[in-house]
Amino acid sequence: MPALHATCSADSVSPAVDTDTPDPTPTGVDTLVGRVLDDRYRIENVVTAGANTVITEAIDTEGNRPVTVKIVRPELAVTSAFRQAFRRQVEVGMSLNHPNIASVLGWGETEFDGESTLFWVVEYLGGGSLRDLFDRGRLLDPSQALVVGLEAARALEAAHGRGIVHTELTPSKLVFGEDGRLRIADVAMAQLLGAEAWSEPATVATHVARYASPEQALGLDVDQKTDVYALSLCLIESITGKVPFAGDSTVSTLAARVGKLMPVTADMGSLASVLERGGRPDSEDRWTAAEFAKALVSAAETLPRPEPIPVLATSLFASSLAHRVEPTPPAAAEDEPTPAPEFEPGSEPGSEETVATPRLPDAVVPLLLLTDVADPPTGAVQVASDSDPVTGVEPDGGDVAATDDPTGPSGTAVMPVVAGTAAGSSAATGVEAPTVELSAAPVEPQPSGVLYDEERPKRPWGKYAVISLVVLLGIGLLSYAGWLLLRTKSYEVPDLTGVEESVALNEISGNGWVIETERERSDEVPEIDHVVRTVPVAGEMLDEGETFVIVVSDGFELRTLPDLTGMALTDAVATLTELRLVPVETPAEFSEEVPAGSVIRWQVQGDAALTAGAQVLPDTAIVITASLGPEPRPAPNLVNLTAAEATAALDALQLVSAQGEDVFSNDIEVGRVVTQTPAPDTPVERGGTVTFQLSKGPDLVAFPDLTGLTYPEAQTVLAGAGYGINSLLGTTAGVFVSASVDGTEIQAGATFPRDTAVDLIFL
């Protein structure tokens, strides 16, 4: 069987613990509680210490809201490559704006256990994870599992559309908020934190291996369908309580799923075929996340309406926070008993389990509306009996409606309370404003203070004048009142550029504008969640009820990587600098294809998988390797070769041949190379020139006539003729007798190679 491959788990959104078996608590954990990170996040509680992160609960002191802070183990954060990858992934996570993806709020650096490390901040989710439900013996029916699967599939579809693969989707990563809505945790971080654990399957935690895909088990490349496989396993476990292919060790667990079809049963209903297709062993046969979601919508047509999914309060921290922001209901009248608190069906006071109605995605809602539901009652709404005694809202969450009859019991007129408009009510807390009762009893006339004598003469014209004046005044007052009521107020748009989003919204909250928020990346305002610009711009007037758009920053604009291959090094550096990317030059290398001074190759430091066209953050380091040109060739030895042979040898090495003037040679045959420049084995760059000279044979000279010459005279004549003297017999005072070469006597006129040495006899 092929070698198995596995990964380890990364930390998920608190308070749900993402590792079924957390690592022992490190020594530095005790020092975290009470610390304030970045002068903002106060650690309240340590939830768990995982293999790669320590998960804590904290308070964001700027917004006085609960958050989850995840601190990276220092041993992971020691390299610049990891830190750059961490920052990049956090930025990606912050840009993922989806209702089913846990929101990443920010990041920073801190010290942990005496070493520098990194942390990131995510939204606080207090509803527990799918794993928490399993641990408490709670399972889902197929309809409930479909709701979970659809919300998760929508999240994966959004992530996959950004090129992000989770790779470690487990029940611990499927976390509910206290609102009952599912979020997937660590969408942008799981792969980064768990990447190094893939090298050795035996060391991977078994609980992570349970949800690995066959391609992960075999060490093959993973794609988006890996997440669909893991989600199918999670949904099957949520129904049956068992994970398919689970063994008693990591290796056996991974091996069990290779080439095996996903086990489904008929009691899963129409969900069975969807999960089987989502868990095919060959990734090419599986659904994509979008196809998986579409199939779940179709399956919902034949399944019953889902029951509420139990949401677990997994943290005392969650309870304490809820207590901090719990609105206080208005005090009951002294003659009325205080109503007892109401509890949702299926829960008991003091229980940690509450019930949340599943939030069905838009695509499923129409299908569920097809089920038989009794028509709602018509007529007047009984405020006192049907509404919540604290909030004044009906049990289904709707606002209290006004009755057709404007009078209440005993003829008392009741003013309807309109949510968000009545004075004394709070849209934030849901506390009902006091009901205003208008008495229907007749009003007794009050004396005017002036008594007229019945016998006093009447002046009808005066009465009419007064009436006319009153009417005119009334008309004028009514007109003015109408103008005040109907006029539209206008407000000047303030300059909000660079202001934090929450502060900006507070500043304009009383202007009556319809606020729309958009997000974009900006180099001018790189601070995340700060205002980039507004529409209309600052200084313009905007009427109540008109739309006001706030464009909020998602961080620096992403840079599209150019293709630097083959580009001149100077041009490549200039291009990167202009894009605010950091060129990092490595030692140049020889290249047979790339000219000297041009780029051989390049890559993003710490992430070689990113290619031209990918987007990165500013200040990302780009490693460049330039060319030295072709590696020099050693000049071949051309001596004693013919001209044709010498030229062929040089051509083979991509060197240029040049023939010089022929020279005499006593040793080299005519027409063959005598000398070359440069000498043999001398390095020559490709395209360099090697010059050679051919032999034209020996340089023959005639032996001179020495008859009658003395020895000094003979020396002079021989040197001029190109001969040397080898030996002398006789006396230097004598006269020339004979000459010989190699023992053979020679006569005047005989030819010999220049510089031949002769033997002389003088007597």
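The values are calculated or read from the model by the stated rules, or taken from the named source; none is laboratory data. These numbers were taken from a predicted model, which means no experiment stands behind them. Quick reminder, even Gly has a Cβ in these numbers, built from the backbone with ideal geometry, and neighbours come from all protein chains shown.
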Selection within the stretch 101-145 - of a type outside the set (Val, Ile, Thr), within 18 Å of Pro171 (Cβ to Cβ) and assigned to a strand (DSSP E or B): Ser129
Pick from the stretch 600-628, criterion outside any loop (DSSP other than H, G, I, E, B) and among the polar types (S, T, N, Q), ranking: farthest from the chain's Cα centre (by Cα): Ser627
Near pairs, Cβ below 7 angstrom, 6+ apart or cross-chain, from the stretch 191-210 (basic (Lys, Arg)) to any residue that is part of a helix (DSSP H, G or I) and at pLDDT 60 or above: Arg210/Thr253
Lone qualifier among Glu157, Glu109, Glu123, Glu151 - being in the same structural domain as Glu178 (by TED's automatic domain parsing) and over 30 Å from Asn64 (Cβ atoms): Glu157
Candidates Glu631, Glu661 - the one that is part of a loop (DSSP other than H, G, I, E, B) and either within 49 Å of the chain's Cα centre (by Cα) or among the polar types (S, T, N, Q) (or both): Glu631
Residue count, the stretch 121-177 (criterion: crowded, with 20+ Cβ neighbours inside 10 Å and of a type in the set (Lys, Arg)): 3
Index of the failed condition, Gly597 passing every other in (1) on the phi > 0 side of the Ramachandran plot; (2) under 31 Å from the mean Cα position of the chain (by Cα): (2)
Selection count, the stretch 637-659, where residues are at pLDDT 90 or above and either outside the structural domain of Pro683 (by TED's automatic domain parsing) or of a type in the set (S, T, N, Q) (or both): 6
Sole residue being in contact with a Phe, Trp or Tyr (Cβ under 7 Å, 6 or more places away or on another chain) and crowded, with 18+ Cβ neighbours inside 10 Å, chosen from Arg280, Arg257: Arg257
Filtered residues of the stretch 677-692 (kept if surrounded by fewer than 13 Cβ atoms within 10 Å (Cβ to Cβ), at pLDDT 90 or above and part of a loop (DSSP other than H, G, I, E, B)): Ala679, Pro680, Asp681
Conditions (1) touching a Phe, Trp or Tyr at 6+ places or on another chain (Cβ under 8 Å); (2) free of Cβ contacts under 8 Å to residues at least 60 places away in the same chain; (3) among the polar types (S, T, N, Q); number of the one not met by Ser238: (2)
Val674 free of Cβ contacts under 8 Å to residues at least 40 places away in the same chain, under 30 Å from Leu641 (Cα atoms), surrounded by 17 or more Cβ atoms within 10 Å (Cβ to Cβ) and in the same structural domain as Asn640 (by TED's automatic domain parsing): yes
Asp681 touching a strand residue (DSSP E or B) at 6+ places or on another chain (Cβ under 9 Å) and in contact (Cβ under 8 Å) with a residue 40 or more places away in the chain: yes
Subset tally (residues that are free of Cβ contacts under 8 Å to residues at least 12 places away in the same chain and hydroxyl-bearing (Ser, Thr, Tyr)) for the stretch 739-754: 1
Verdict on Val656 being in contact with a helix residue (DSSP H, G or I) (Cβ under 8 Å, 6 or more places away or on another chain), over 13 Å from Val639 (Cβ atoms) and free of Cβ contacts under 8 Å to residues at least 60 places away in the same chain: yes
Number of positions in the stretch 587-600 that are crowded, with 16+ Cβ neighbours inside 10 Å and closer than 13 Å to Thr565 by Cα: 5
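Okay, residues lined up against (1) assigned by TED's automatic domain parsing to the domain that holds Arg672; (2) in contact (Cβ under 8 Å) with a residue 24 or more places away in the chain:
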| position | (1), (2) |
| --- | --- |
| Val690 | yes, yes |
| Thr707 | no, yes |
| Tyr711 | no, yes |
| Thr716 | no, no |
| Gly722 | no, yes |
| Leu729 | no, yes |
| Gly734 | no, yes |
| Val737 | no, yes |
Flag for Arg519 being in contact (Cβ under 8 Å) with a residue 60 or more places away in the chain, basic (Lys, Arg) and under 30 Å from Gly93 (Cβ atoms): yes
Tally, over the stretch 35-76, of residues that are out of contact with any strand residue (DSSP E or B) (no Cβ under 9 Å at 6 or more places or on another chain) and of a type in the set (S, T, N, Q): 1
Complete set of residues in the stretch 521-566 that are more than 30 Å from Ile600 (Cβ to Cβ), in contact with a strand residue (DSSP E or B) (Cβ under 9 Å, 6 or more places away or on another chain) and among the β-branched types (Val, Ile, Thr): Val525, Ile528, Val531, Val532, Thr534, Val535, Thr547, Val549, Ile550, Val551, Val552
Only listed residue being small (Gly, Ala, Ser) and in contact with a His (Cβ under 8 Å, 6 or more places away or on another chain), chosen from Ala158, Ala145, Ala185: Ala158
Condition met for Tyr211 (crowded, with 17+ Cβ neighbours inside 10 Å, under 27 Å from Thr68 (Cβ atoms) and of a type in the set (Phe, Trp, Tyr)): yes
Residues of the stretch 488-521 classified as within 13 Å of Leu542 (Cβ to Cβ) and of a type in the set (Asp, Glu), total: 2
Helices (runs of 4 or more DSSP H) contained entirely in the stretch 247-358, each with at least 2 residues that are at pLDDT 50 or above, closer than 30 Å to Leu220 by Cα and touching a helix residue (DSSP H, G or I) at 6+ places or on another chain (Cβ under 9 Å): 250-256, 271-278, 289-299
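Each row is one residue, and each column tells you yes or no for (1) over 22 Å from Asn97 (Cβ atoms); (2) assigned to a strand (DSSP E or B); (3) of a type in the set (D, E, K, R); (4) touching a Ser or Thr at 6+ places or on another chain (Cβ under 8 Å).
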position: Ala504; (1), (2), (3), (4): no, no, no, no
position: Gly510; (1), (2), (3), (4): yes, no, no, no
position: Glu518; (1), (2), (3), (4): no, yes, yes, no
position: Ser522; (1), (2), (3), (4): no, no, no, yes
position: Val525; (1), (2), (3), (4): no, no, no, yes
position: Ile528; (1), (2), (3), (4): no, no, no, yes
position: Val532; (1), (2), (3), (4): no, yes, no, yes
position: Gly539; (1), (2), (3), (4): yes, no, no, no
